[in-house]
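Each remark here refers to the structure printed beneath this line.
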Amino acid sequence: MNILFVCDAIDPSLGGGTAERTFQMAQALQRAGAQCALFATNVGLSERRRHELDTLETLLVPSLSRRFFLPKVSPARLAALVRKADVVQITGHWSWLGALAGILAMLQGKPYVYCPAGSLRIFGRSALIKRFYNLLIGRRLVRNAACCITTTEQEREQFHAYGVPDARIALLPNGVDDRLPDDLDPLRARQRYGLGDEPLLLFLGRLSPIKGPDLLIEAFAEVRSRHPRARLLLAGPDSGQGEALRRQVQQLGLNAAVGFTGHLEWHEKCDLLAAADLLVIPSRHEVMSLVVLEAGLVGTPALLTDQCGFDEVEQVGGGRVVAANAAALARGLNDMLDTAAALPACGARLQRLVLDCYTWKSLTRRCLELYAQLTGKPVP
């Protein structure tokens, strides 16, 4: 079975969770016997990720815009990749790469699977451009997909708004590769950021309003009176909010307690997740946070908002789920820091959930069975 994956950027420094989901899914399916190819831009592509892609056939093209990912690509080259594929997997909405691949798949009569990864709603910047995109091609891409992938049940209603019936929607949650670095070392991360044994709260994600780091900083300011030793690290690339967040930290007098790390490579991220007492995901909107799964791999509990689509974290006792506002986040942080001795047990429960249900090892079969159903090809 030949599968063509399509996404804007394949390096997590720019593509975030969408890039990592696409990469890990392609690698897992390749290991299971499928033939996988990738179409993406080369924007932000690191040498490490370029090396990791050696096992896949790739079409990595320049972009005419770093913000909008306008691919500079020969339609004939892309058409050849689509022609070779049995099924095309498009991840992310608001994507000109996805639009090109989807149009070519329709013209060639190839089935394509559409996974917007929670991005169907118009949110944040460029609202007019997004409305134009939907009018021009976006809605057609969603409606004409052979199957639409939802990562949580909460996302299903977004497809309904685009006119997609339940019969063409399949649930496939986020997954993670359960192979951790051999030299995982949380102490190394604490030393790197000048930490001793202080309680460490970790935000891991893009510095963008949709991810809610400003809500977390406001909540952290409230928590400091009860937990003055607590530290907060915000780890992730700046997606337009970094300067405003640094001003907020300064205005609240938190300079000594809050740090910014920038983008982290995989081994650095694993070290820091293992070093943290608590991962905090304050998102205003997100579909099943991939970072929570990564925290679970190393046994770190999580506090996340009810906009993340992953309430199971609280149901299994692996953390807390609160409303997406600063006051609720502050209450959740205080409650969890007040019972800090129980945090390792919470992390162990989250780890069990992730290992049992959310690794690509356990999800790969579901992917292959879906593709087989759409293409008539046997499962590898």
Taking region 110-131 as the region of interest, how many residues are at pLDDT below 95 and either in a loop (DSSP other than H, G, I, E, B) or surrounded by fewer than 13 Cβ atoms within 10 Å (Cβ to Cβ) (or both)?
15
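Please go through region 1-39 and pick out each residue that is of a type in the set (Gly, Ala, Ser), under 26 Å from Lys377 (Cβ atoms) and either open to solvent by less than 30 Å² (accessible area, probe 1.4 Å) or assigned to a helix (DSSP H, G or I) (or both).
Taking region 1-39 and keeping what is of a type in the set (Gly, Ala, Ser), we get 9, 13, 15-17, 19, 26, 28, 32-34, 37.
With the extra rule that they be under 26 Å from Lys377 (Cβ atoms), the set shrinks to 26, 28, 32-34, 37.
Matches in region 1-39: Ala26, Ala28, Ala34, Ala37.
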Residue under question is Gly242, and the condition is that it be of a type in the set (Gly, Ala, Ser), without any contact (Cβ under 8 Å) to a residue 40 or more places away in the chain, open to solvent by less than 30 Å² (accessible area, probe 1.4 Å) and over 19 Å from Leu304 (Cβ atoms); does it hold?
yes
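Take Thr91 and tell me if it is touching a Pro at 6+ places or on another chain (Cβ under 6 Å), crowded, with 18+ Cβ neighbours inside 10 Å and touching a residue at least 12 places away in the same chain (Cβ under 8 Å).
Spelling it out, it is not the case that Thr91 is touching a Pro at 6+ places or on another chain (Cβ under 6 Å), crowded, with 18+ Cβ neighbours inside 10 Å and touching a residue at least 12 places away in the same chain (Cβ under 8 Å).
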Among the residues of region 40-49, are any open to solvent by 20 Å² or more (accessible area, probe 1.4 Å), touching a residue at least 40 places away in the same chain (Cβ under 8 Å) and part of a helix (DSSP H, G or I)?
yes
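Within region 58-79, can you find the residues that are β-branched (Val, Ile, Thr) and under 9 Å from Thr41 (Cα atoms)? Outline the logic, then answer.
The first filter runs over region 58-79 and keeps only residues β-branched (Val, Ile, Thr), leaving 58, 61, 73.
Within region 58-79, just Val61 meets the criteria.
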Take region 300-316 and flag every residue that is modelled with pLDDT of 95 or more and either open to solvent by less than 20 Å² (accessible area, probe 1.4 Å) or assigned to a strand (DSSP E or B) (or both).
Thr300, Pro301, Ala302, Leu303, Leu304, Thr305, Val313
Flag for Arg365 being in a helix (DSSP H, G or I), surrounded by fewer than 16 Cβ atoms within 10 Å (Cβ to Cβ) and either among the basic types (Lys, Arg) or at positive phi (or both):
yes
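Could you please find all residues in region 74-90 being over 10 Å from Gln108 (Cβ atoms) and either of a type outside the set (S, T, N, Q) or assigned to a helix (DSSP H, G or I) (or both)?
Across region 74-90, the qualifying residues are Pro75, Ala76, Arg77, Leu78, Ala80, Leu81, Lys84, Asp86, Val87, Ile90.
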The conditions are (1) open to solvent by 40 Å² or more (accessible area, probe 1.4 Å); (2) more than 26 Å from Thr364 (Cα to Cα); (3) out of contact with any strand residue (DSSP E or B) (no Cβ under 6 Å at 6 or more places or on another chain), and Lys72 fails exactly one of them. Which is it?
(3)
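For every residue, the table says whether it meets (1) modelled with pLDDT under 95; (2) in contact with a Pro (Cβ under 8 Å, 6 or more places away or on another chain); (3) assigned to a strand (DSSP E or B); (4) polar (S, T, N, Q).
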{"position": "Gly259", "(1), (2), (3), (4)": "no, no, yes, no"}
{"position": "His267", "(1), (2), (3), (4)": "yes, yes, no, no"}
{"position": "Leu279", "(1), (2), (3), (4)": "no, yes, yes, no"}
{"position": "His285", "(1), (2), (3), (4)": "yes, no, no, no"}
{"position": "Met288", "(1), (2), (3), (4)": "yes, yes, no, no"}
{"position": "Gly296", "(1), (2), (3), (4)": "no, no, no, no"}
{"position": "Ala324", "(1), (2), (3), (4)": "no, yes, no, no"}
{"position": "Leu329", "(1), (2), (3), (4)": "no, yes, no, no"}
Scan Gln24, Gln35 and give me the residue that is in contact (Cβ under 8 Å) with a residue 12 or more places away in the chain and farther than 26 Å from Phe203 by Cβ.
Gln35
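The values are calculated or read from the model by the stated rules, or taken from the named source; none is laboratory data. Everything numeric in this text was worked out from a predicted model, so none of it was measured. FYI the Cβ positions are ideal-geometry reconstructions off the backbone, even for glycines, and counts take in every protein chain you see. Areas reflect the complete protein model, heavy atoms only, side chains present, ligands, DNA and RNA absent. Shrake-Rupley method; radii C 1.70, N 1.55, O 1.52, S 1.80 Å.
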